[in-house]
Structures are given as C-alpha cells and as structure tokens.
DNA sequence: CGATATTTGCAAGGTAGCGAACGATTGTCA
DNA sequence: TGACAATCGTTCGCTACCTTGCAAATATCG
C-alpha cells in the first residue's frame with residue numbers, strides 16, 4: 001500500500017499493489033461499456049479458448065477460491081453468457097459452457113493485450129525477467145509462511 | 001491474474017497480483033486475532049505515528065479513495081478505536097484521532113515487519129531496485145492511459 | 001458392505017476496492 | 001454580493017477477494 005516512509009524499504013510490496021490495481025483499473029475501464037468485470041473477462045477468455053470446463057478446473061486455472069468463482073459464475077449465468085450444467089459422471093461437478101450470447105459478446109470484445117504492451121513494452125527483457133523472479137520468490141516465501149502458520 | 005499461457009508473456013502482472021495478495025493474506029492472518037483488516041491497520045499505523053489527521057490527508061497518504069476510506073473509518077469508529085470529530089476551521093473536514101482504546105490496541109499489536117523481511121530479505125539490492133523501477137514505470141504508464149481515456 | 005474422509009459447490013458475512021450521485025460547505029469571480 | 005465552481009464526506013450499488021459452515025456426492029478403507 002503506501003510508501004511506509006518510516007523505513008523507506010517496503011516500497012516493493014507497495015508498487016506491486018499499485019501496478020496490479022492500475023492494470024486492473026484499465027481493464028475495468030475498457031470493459032465497462034460491455035458491463036463486464038476483469039475476472040468475468042478471464043472466465044469468458046478461458047471458456048472461449050479452452051472450451052467447456054468443469055468449475056473446479058476453472059478455479060484451479062484462474063487461481064480463484066471456490067466461493068469467489070461461485071459468485072462470478074452466478075453473475076455470468078444471470079447475464080445468460082454462461083451455462084452451468086450438472087452433467088457428467090460426478091454429480092458434484094458443474095460444467096461451464098459459453099452460451100451463444102456469450103460467444104457473440106466474446107467476439108465483440110476489444111483485444112486487451114494493449115494493456116500489457118503499454119505497461120511493459122520496451123522494457124529490457126532481462127529487467128522483466130528479474131522482476132518476475134523477485135516477485136515469484138517473494139510470493140513463494142510468503143505462501144510458505146502462510147501454510148506453516 | 002493467471003499465467004495467460006496463450007502468449008507466455010503477461011506473467012509480470014500476474015506475479016504482481018500474486019505477490020500483493022500473498023503479503024496481504026499473511027498480514028490479514030496475523031491481524032485476525034485482533035479483529036483488524038490490513039487497511040484498518042494502516043490507518044491505525046498512520047494515526048499512531050503522525051498523530052491526529054484530517055481524513056482527506058489520510059486518504060492521500062494511504063492512497064485510498066474517499067469512498068473506500070469512509071467505510072474503513074466507519075468500521076474503526078464502530079469499534080471505538082478511532083474518533084471522528086468535525087473540528088477545525090473547515091466544517092467539511094473530519095479530524096481522525098486515536099482513542100485510548102485505539103492506542104492500547106496499537107501497543108498490543110505484533111510487529112509486522114517480519115512480513116517484508118520474509119518476502120524480500122536476502123535478495124540482491126540491485127534486483128530489488130530493478131523490480132521497483134519496472135513496477136513503477138509500468139504503473140505510471142497505465143495511469144497515464146487511464147487519465148487520457 | 002458400511003463408516004469415515006474428501007471433494008464440490010453454495011450461502012452468509014466480512015474486508016477492500018471502484019464509480020456515481022448527493023448534501024453541505026467553502027472558494028472564486030464577474 | 002451573488003451565482004457558480006470546487007471540495008469533503010457519505011451513501012448506494014457493484015466487483016472481487018476471503019473464511020466458515022453446510023449439504024450432497026463420491027472415494028477410501030477397515
């Protein structure tokens with residue numbers, strides 16, 4: 001969050017937050033005319049590119065908690081963009097499929113890759129690799145601490 | 001969010017998100033016994049270190065939207081940790097002050113610096129600097145795009 | 001086979017973020 | 001001075017994240 005100017009150091013976490021929220025805000029602003037949130041877009045993106053998916057697998061792929069995904073799916077079903085059928089062998093699982101309206105909307109949506117390009121385009125590849133490595137290592141350490149608590 | 005394995009590139013934004021949420025989850029877990037959220041902690045931290053603050057200034061310092069801070073302050077007032085008085089020259093402004101209960105709780109809270117240390121301790125300073133530079137540049141670019149939209 | 005454990009999804013309740021719209025106050029300027 | 005603009009905080013509605021607790025279905029193992 002803020003700079004934590006008492007120590008001067010903790011800027012990394014603060015910038016991770018700022019960067020994440022800035023990208024997400026741009027995504028939300030771009031999708032607002034289509035009445036879509038960023039995570040809803042990720043769900044449509046996955047279904048459009050990988051076909052019908054079991055809700056459990058989608059949660060794993062997008063790294064969303066079951067409860068979180070459940071709400072998002074409910075919203076998308078209410079908008080008739082996604083169909084949720086309890087088909088298949090396992091009666092606990094729900095299969096998610098794009099509806100015709102969902103496919104139509106997906107084709108109308110603008111390409112969002114400009115966001116990533118605008119953010120990181122032109123930056124030295126080695127610096128990007130360093131950034132990823134640092135963030136990845138920090139994340140792993142934090143998650144280890146969380147697990148062992 | 002996810003890896004966006006179609007292009008393989010957008011990992012930076014995904015790791016920024018993961019790292020931010022991992023740190024925040026650890027913060028939330030540590031504060032849970034005290035019934036405090038991470039942003040509530042930042043408000044107490046600021047008031048404990050900088051003294052009574054006008055709500056507007058606190059929002060700027062912590063980079064929180066007015067609507068967001070309003071809700072958090074309401075929560076802290078309900079818990080009788082913070083007092084919100086409409087004092088001063090400008091009758092629009094609200095002054096935020098730690099109550100005695102707030103000061104007492106603040107002294108009981110554990111030191112959270114271990115989180116930053118665990119995440120980034122031992123990592124090469126130059127790499128950390130590169131990470132901050134990359135994230136900062138990306139954030140600025142994104143915010144520029146947001147403004148001009 | 002049957003008791004137990006695991007998995008899957010849902011609902012409720014809480015935190016944190018946003019935009020938009022609204023009073024109330026204050027500042028500005030013709 | 002008086003109309004208009006800007007500021008400050010709140011409220012409303014929304015997205016998205018979490019935990020906890022539940023029920024149903026399935027898997028596992030004695």
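Taken together, the values in this text are just the output of simple stated rules run on the coordinates, not laboratory data. Here the structure is a predicted model, which means the values were calculated and not measured. Glycine also receives a Cβ, built like all others from the backbone with ideal geometry; neighbour counts cover every protein chain displayed.
Structure data summary
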read-out: Complete set of residues in region A:71-90 that are free of Cβ contacts under 8 Å to residues at least 12 places away in the same chain and outside any loop (DSSP other than H, G, I, E, B); value: A:71, A:74, A:77, A:78
read-out: Residue in region B:9-16 that is within 16 Å of DNA strand C (Cβ to nearest atom) and in a helix (DSSP H, G or I) present; value: yes
read-out: Top-ranked residue in region B:19-46 [being at the interface with chain A (Cβ under 9 Å from one of its Cβ atoms) and closer than 21 Å to residue B:60 by Cα; ranked as surrounded by the most Cβ atoms within 10 Å (Cβ to Cβ)]; value: B:20
read-out: Any helices (runs of 4 or more DSSP H) falling wholly within region B:91-149 and containing at least 2 residues that are over 25 Å from residue B:58 (Cα atoms); value: B:113-120, B:125-147
read-out: Hits in region A:91-100 - residues which are without any contact (Cβ under 8 Å) to a residue 40 or more places away in the chain and within 11 Å of DNA strand C (Cβ to nearest atom); value: A:91, A:92, A:93
read-out: Residue match in region B:92-107 (condition: closer than 25 Å to residue B:16 by Cα and touching a strand residue (DSSP E or B) at 6+ places or on another chain (Cβ under 8 Å)); value: no
read-out: Subset of region B:47-68 that is within 8 Å of DNA strand C (Cβ to nearest atom) and surrounded by 14 or more Cβ atoms within 10 Å (Cβ to Cβ) - its residue that is farthest from the other protein chains (Cβ to nearest Cβ); value: B:64
